[in-house]
Amino acid sequence: MIKVYTKIIKVLIVTILVLVGLFMYVYLSMDSSSETTWETHESLESAGFNPAALEQARNYYESLNSTAAMVIYEGKVLFSWGDVTKNTNAHSVRKSFISALIGNEIERGTLSLEQTLEDLSVEDDTPLTSLEKRANLSHLMTSSSGVYLPAGEESFGMRLSRPARGSNFPGQHYYYNNWDFNVLGTIYNQQTERDVFEDFYENIAVPLGMEDFSLSNTYYKHEDRRSRHPSYLFRMSARDMARFGQLYLQEGEWEGEQLVSKEWIKESTSAQKTVPSNSVFDYGYLWWVSTTPPYSDLGLYSAVGRYGQSIDIVPELDLVFVHRVDSTTLTHQFTRSSVNELQRLQLLQLILDARRS
């Protein structure tokens, strides 16, 4: 009898997962339009790209678990593959979004990179030590606070590799730390007395003319058993991510308005911390910065998220590359399909190789 009940429960769980997956697919597919205000190059040839070489890049793209890719070249759409209108989980690309907002507050004087956790009255359910309270905003933004406490949206690998508490001074050691990132959201909301999502929407998304993004595509994820600081999560389409990338490529200026400080963009996309485990990128202020040729020669810096999300900005070629893996599908819930960094950069390299000199 117990075995029968166990089988019934398993069937019910699978049925519920299927229904939830179908609901999410329908819901997420309803909130975007295929119409766009993006200008498009008349042809690949006129933009200076070899169509045959780009076809090779597309073949490689289709061999991966990629679900969308897009390139903006010289301010116009070069190509878009897959569904670039669907708002899906941006994962850790969100951290580069808040970097822009914090940069603006630093320029206004609301925040300072030197402010410590003690200055900002930051605590957690597990009380911080006097050493941990010495971590400042710059340490949080470079993922080097030395505060090694559980946090929301941590992967198993992040939990496994978390250093022992008190093992490093603030600013001494880089460790990709969701506690740092989530606390930044709390600090922003408390110090500005505003909401990070509303500010991003009003001050960045609307002026950029984002076509699919709305406040309904944002939410706080509370995981109180881990931390009192929630994760701030975004769902965004590839083509709206491309607008954010283009804003950075244009040094924060959009249609005559300075949406993000030019000085902050330069500082935040410069390497601040060495990442020993990464052979291509070091870490800026919530941005990944290439420090290894050939990408460093192109000035490449990136916003990167789990499973293969990215906004890769190539200043020397006036190019923005967006790559997506839709983690909202029911299939993904079972397979955890992803595109790793080497595969993504190989795809980017094939695209760059298609550019005629």
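With r as the distance between the Cβ atoms of Glu341 and Glu39 and R0 = 35 Å, compute the FRET efficiency 1/(1 + (r/R0)^6) and round to 0.05.
The value I calculate is 0.70.
How many times 2.2 N^0.38 Å is the alpha carbon radius of gyration of the chain?
It is 1.02.
Which order do His41, His173 take when ranked by solvent-accessible area (1.4 Å probe, heavy atoms of all protein chains), largest first?
Largest accessible area first, the residues go His173, His41.
Ignoring ligands, DNA and RNA, what percent of the accessible area of the chain is carbon or sulfur (1.4 Å)?
Result for the chain: 52 percent of the exposed heavy-atom area is carbon or sulfur.
Using helices alone, what [θ] at 222 nm do you get for the chain, with -39,500 (n - 2.57) per DSSP H run of 4 or more residues, divided over all residues and rounded to the nearest 500?
-10500 deg cm²/dmol
If you count only protein heavy atoms with a 1.4 Å probe, what accessible area per residue comes out for the chain, rounded to a whole Å²?
Per-residue accessible area for the chain comes out at 46 Å².
Would you mind computing the Rg to Rh ratio of the stretch 75-194 from its alpha-carbon coordinates, Kirkwood style for Rh?
1.04
Dipole size in debye (nearest 20) for the chain around its Cα centre, Lys and Arg Cβ +1, Asp and Glu Cβ -1?
Computed about the Cα centre, the dipole is about 1800 debye.
Based on the Kirkwood radius over alpha-carbon pairs, what value in µm²/s does the Stokes-Einstein equation return for the translational diffusion coefficient of the stretch 262-342 at 37 °C and 0.692 mPa s?
Value of D from the Cα-based Kirkwood radius: 241 µm²/s.
Under a Cβ-only charge scheme (Lys and Arg +1, Asp and Glu -1), can you give me the dipole magnitude of the stretch 88-202 about the Cα centre, in debye to the nearest 20?
Roughly 520 debye for the stretch 88-202.
The values are calculated or read from the model by the stated rules, or taken from the named source; none is laboratory data. Everything numeric in this text was worked out from a predicted model, so none of it was measured. Because the Cβ atoms are built from the backbone with ideal geometry, glycine has one as well, and the counts that use them run over all protein chains shown. Heavy atoms of the whole protein, side chains included, go into the accessibility calculation; ligands, DNA and RNA do not. Shrake-Rupley method; radii C 1.70, N 1.55, O 1.52, S 1.80 Å.
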